[in-house]
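Working notes, beginning with the structure itself.
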Amino acid sequence: MPGGNILIPERTSAENLRRHIHGRLLTGSSGHAWRDVLVHILSHQHVEASLIVPAVAEPLIVWILSGSAIIEERELGGTWISNQVKVGDFFLTNSDTPYEMRWQVTGPERFEVMHLYLGLPIFEQAAAETFGVSTAMVRIRDISGEQDRILSLLLEQFRVELTSGYDPSPLFVQGIAQSLAVHLVRNYAVLDKTRTSRRNALPAFKLRRVTERMTTQLDQEFSLSQLAQEADMSVSHFSRLFKKATSFSPSQYFIQLRVQEAQRLLRETDRSVIDIGLDVGYSSPSHFAQVFRRAVGVTPTEYRG
């Protein structure tokens, strides 16, 4: 991963059965009711050394549900900016380029967050109503570690709808999404006539669909054509937008996922290095060691310690 001084995460428990961008997915939106919004609730590990936040078409909100942490952000290769965050704090971005985050949990509580991508159609409706212009000229201000009572009330409704056990109501979700879009535009959007359209960006739901497919196929051969088909794009168009969103080519990102899963297995299990290599798609132990060392800086055996 880019960024220099990479911390080695502490040993974690074996509960991390499913990874979603370095976190355990507790619940997530799916189905027709959630067509205008993509929501994930995640439990994060105690230390995160480096996380690339993709640049996608939709505005992203990260809301702290539980725990406290020191979170640092920077442009790729830039200077770290630090924030101490707690329950109720939120981050907001619609960055045109990927950026990097890392954090250290500071309290005993689990560090749980909500990630929410607001779909472009509903955001465009709010922009047109508020400013009378398209989203091509509307820029969302970046917010890091602040609080907003109304925003928290709206996000809490999404959390309840996800976790209540009832079938989600399309009418209810749509209403909250519309209210959220208007609130964001009124309070955090500014007109920027120099801004170019973000239509030529990767939608969050397509990025999620592709990365989840990668995660479930770490032991299989990489297939760019299959991933492009999953995103319903041509290979060249998909490759370009994926790299624009993540700063990695699809094949590089796939290797990163393999290495991250290998790191988890080395930390959390006593399985042999050879078996772990096979689990993440490397039949040759020497090739596995070479790829792992290039990404992490040490061999799998040295990483296990």
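The figures follow:
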| item | result |
| --- | --- |
| Per-region count, the stretch 264-282, residues in contact (Cβ under 8 Å) with a residue 60 or more places away in the chain and either touching a Lys or Arg at 6+ places or on another chain (Cβ under 8 Å) or assigned to a helix (DSSP H, G or I) (or both) | 6 |
| Criterion (in the same structural domain as Tyr99 (by TED's automatic domain parsing) and polar (S, T, N, Q)) met by exactly one of Gln220, Gln147 | Gln147 |
| Qualifying positions in the stretch 162-173 - in a helix (DSSP H, G or I) and either among the hydrophobic types (A, V, I, L, M, F, W, C) or touching a helix residue (DSSP H, G or I) at 6+ places or on another chain (Cβ under 8 Å) (or both) | Leu162, Pro170, Leu171, Phe172, Val173 |
| Residue check for Glu268: surrounded by fewer than 17 Cβ atoms within 10 Å (Cβ to Cβ) and either out of contact with any strand residue (DSSP E or B) (no Cβ under 6 Å at 6 or more places or on another chain) or more than 23 Å from Met114 (Cβ to Cβ) (or both) | yes |
| Count - residues of the stretch 89-100 that are modelled with pLDDT under 95, buried (at least 18 other Cβ atoms within 10 Å of the Cβ) and not hydroxyl-bearing (Ser, Thr, Tyr) | 3 |
| The lone exception for Thr163 - which of (1) surrounded by 19 or more Cβ atoms within 10 Å (Cβ to Cβ); (2) modelled with pLDDT of 90 or more; (3) farther than 30 Å from Ile255 by Cβ it fails | (1) |
| Close pairs from the stretch 53-71: first farther than 18 Å from Leu155 by Cβ, partner surrounded by 20 or more Cβ atoms within 10 Å (Cβ to Cβ) and polar (S, T, N, Q), Cβ under 6 Å, at least 6 apart | Pro54/Thr246 |
| Odd one out for Ile122, checked against (1) modelled with pLDDT of 90 or more; (2) more than 18 Å from Trp34 (Cα to Cα); (3) of a type in the set (A, V, I, L, M) | (2) |
| Given (1) among the charged types (D, E, K, R); (2) surrounded by fewer than 18 Cβ atoms within 10 Å (Cβ to Cβ); (3) modelled with pLDDT of 90 or more, index of the condition Glu10 fails | (3) |
| Among (1) crowded, with 18+ Cβ neighbours inside 10 Å; (2) within 29 Å of Gln45 (Cα to Cα); (3) of a type in the set (A, V, I, L, M, F, W, C); (4) modelled with pLDDT of 95 or more, the one test that Phe222 misses | (1) |
| Qualifying residue in the stretch 45-63 (condition: touching a Gly at 6+ places or on another chain (Cβ under 7 Å) and either among the polar types (S, T, N, Q) or at pLDDT 85 or above (or both)) | yes |
| Matching residues in the stretch 112-161 - criterion: being charged (D, E, K, R) and outside any helix (DSSP H, G or I) | Glu112, Arg139, Arg141, Asp142, Glu146, Asp148 |
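The values are calculated or read from the model by the stated rules, or taken from the named source; none is laboratory data. Given the structure is predicted, the values throughout are model-derived calculations rather than measurements. Don't worry about glycine lacking a Cβ; one is built from the backbone with ideal geometry, like all the others, and counts go over all protein chains shown.
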